[in-house]
Amino acid sequence: MAVSYEQVREWVLGLPGTGEVMVAEWGHPTLRVGDKMFASGQPGSTTMTVKASKEEQASLLAEAPDVYAVAAYVGRFGWVQVDLDRVDAGELRELVVEAWRRTAPKKLVKQYDAEV
């Protein structure tokens, strides 16, 4: 069963300190903590992009090249593009939460861990 961008958005908006911002130059929503983006996509799309470490990106591409691809973002992180029609929902949720953890202030992460 496919995971939808809207489903991922609902997971994200349940995390402390997150928000959704329309970025005019790209024309799609980005999921953020403050001013830091950790995921992006477009409603109705079959793909979304998630922030990953370079090591995580390499591991995902090696394990499931039909699900993950290198995303076109630059910087010290290894962004991955996820095929929502092929990804396991639990695996994607874990990837998104880990991306949020790397982006969110430690105080928010501790608050989340205390509630879970």
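The values are calculated or read from the model by the stated rules, or taken from the named source; none is laboratory data. The shown structure was predicted, so the numbers you read here are calculated from the model rather than taken from an experiment. Cβ: placed from backbone, ideal geometry, glycine included. Neighbour counts: every protein chain shown. In case anyone asks, the SASA skips ligands and DNA or RNA and just uses the protein heavy atoms, side chains included. Shrake-Rupley method; radii C 1.70, N 1.55, O 1.52, S 1.80 Å.
Has the stretch 71-79 got any residue that is among the β-branched types (Val, Ile, Thr) and surrounded by 12 or more Cβ atoms within 10 Å (Cβ to Cβ)?
Within the stretch 71-79, none of the residues are among the β-branched types (Val, Ile, Thr) and surrounded by 12 or more Cβ atoms within 10 Å (Cβ to Cβ).
Residue under question is residue 59, and the condition is that it be polar (S, T, N, Q) and touching a helix residue (DSSP H, G or I) at 6+ places or on another chain (Cβ under 6 Å); does it hold? Quick ask: steps written out before the conclusion?
Numbers: polar (S, T, N, Q): yes; touching a helix residue (DSSP H, G or I) at 6+ places or on another chain (Cβ under 6 Å): no.
Judged against the criteria, residue 59 is not a match.
Would you mention how many residues in the stretch 13-22 are open to solvent by less than 20 Å² (accessible area, probe 1.4 Å) and at pLDDT below 90?
0
Just the residues that are assigned to a loop (DSSP other than H, G, I, E, B), touching a helix residue (DSSP H, G or I) at 6+ places or on another chain (Cβ under 9 Å) and within 18 Å of residue 92 (Cα to Cα), please, taken from the stretch 7-21.
15
Which condition number does residue 88 fail, the rest of (1) within 15 Å of residue 5 (Cα to Cα); (2) surrounded by 15 or more Cβ atoms within 10 Å (Cβ to Cβ) being met?
Condition not satisfied by residue 88: (2).
Looking for whichever is of a type outside the set (Val, Ile, Thr) and more than 14 Å from the chain's Cα centre (by Cα) here; the options are 69, 62. Which one fits?
None of the other options fit; the residue is 62.
For residue 58, indicate whether it is over 20 Å from residue 18 (Cβ atoms), open to solvent by less than 50 Å² (accessible area, probe 1.4 Å) and out of contact with any Asp or Glu (no Cβ under 6 Å at 6 or more places or on another chain). Steps first, answer last, please.
Details: over 20 Å from residue 18 (Cβ atoms): yes; open to solvent by less than 50 Å² (accessible area, probe 1.4 Å): no; out of contact with any Asp or Glu (no Cβ under 6 Å at 6 or more places or on another chain): yes.
So residue 58 does not fit the description; no.
So which residues in the stretch 55-84 are charged (D, E, K, R) and farther than 13 Å from residue 8 by Cα, if there are any at all?
Across the stretch 55-84, the qualifying residues are 55, 56, 63, 66, 76.
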